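Quick notes on the structure that follows.
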Ligand code: PRT
Ligand code: ZN
């Protein structure tokens, strides 16, 4: 029987819940921090531990059959994959925010302004849809400090509790997208018997949690 591969985040916000979900599905595997691949002993499955940013492309290209990743990362990479199951963890919202004293109050006010983000693709699509012309400044992290440093007029970033925005003197003014962790699969894989079985197991774990 062919061994399937599932890609999950190696470390970070989705790692623990992804491992827990697979274990709750009755899958038995070692979870060493140092290893990048783990074999499931009681199901024909290998687990690949990756940076979350790499997961959508691995699945699209068929290097992995399945993946667990945030919807935001899927949208940002623009891949063509099947959404197999929403997983209910890793929930967050991508928002536009400005300094509390800013004169920017709505998205129309962003015309001619600059916005710092680590999600330029999602932001560009949103700005285009709303016919806003703003400059996108792509930075890889610590986006919240950009307005204070004079690098941008606004930011576009992930928010969950809002604590980080607040402690950096920022306030959100528009919501662009909601996101949660999702099980994705290579296109066309959804009817393969092992995939169907795995999705059924995941769904019963999720139902038991309700
Ligand atoms: O190393 P790797 O590349 O794999 O991980 P990463 O550092 O890129 O991502 P990671 O582990 O931080 O997040 C993985 C996924 O978790 C994201 O892609 C989202 O789908 C989801 N998620 C859920 C979040 C948050 N909540 C979140 N709060 N990702 C990031 N944050 C950040 C946010 O950007 C902010 O700077 O956490 C900070 C605190 O948020 P507040 O609002 O709770 O203060
Ligand atoms: Zn990442």
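Each Cα pair under 8 Å and six or more residues apart adds its separation to the average, and for the stretch 92-179 the resulting relative contact order is 50 percent. Taking every DSSP beta bridge that has both ends in the stretch 92-179, the antiparallel portion is near 65%.
Label the chain by shape, choosing from rounded, prolate and oblate, from the square roots a ≥ b ≥ c of the eigenvalues of the Cα gyration tensor; if a/c is under 1.5 it is rounded, and otherwise prolate applies when a/b is larger than b/c, oblate when it is not.
Prolate, since a/c reaches 1.5 and a/b exceeds b/c.
Peptides 53-59, 13-19: what's the order by average Cβ count within 10 Å, highest mean first?
Packing order, densest peptide first, comes out as 53-59, 13-19.
Give me the extension gain from residue 175 to residue 149: residue separation times 0.36 nm, minus the current Cα-Cα distance, reported in nm with one decimal.
Contour length minus the Cα-Cα distance gives 7.0 nm.
When you restrict to C-alpha pairs under 8 Å that are six or more residues apart and normalise by the size of the chain, the relative contact order lands at 27 percent.
In this label model, residue 33 and residue 82 are separated by 3.7 nm, measuring between points 7 Å along each Cα→Cβ vector. Helical content alone sets the calculated 222 nm signal of the chain at -7500 deg cm²/dmol, taking -39,500 (n - 2.57) per DSSP H segment of four or more residues and averaging over every residue. Modelled this way, with points 7 Å down the Cα-to-C-beta line, the labels at residue 135 and residue 208 are 5.4 nm from one another.
How much length, in nm to one decimal, is gained on full extension between residue 167 and residue 100, taken as 0.36 nm per residue of separation minus their Cα-Cα distance?
Between residue 167 and residue 100, full extension yields an extra 23.0 nm.
Summarising the strand pairing of the chain, around 60 percent of its internal DSSP beta bridges are antiparallel. Each part gets one Cα centre, and for the stretch 55-104 versus the stretch 193-210 those centres are 21 Å apart.
We did not get these values from a lab; they are worked out from the coordinates using the rules stated. Just so you know, these numbers come straight off a predicted model, no measurement behind them. Cβ sites come from the backbone with ideal geometry, for glycine too, and all protein chains shown count toward neighbours.
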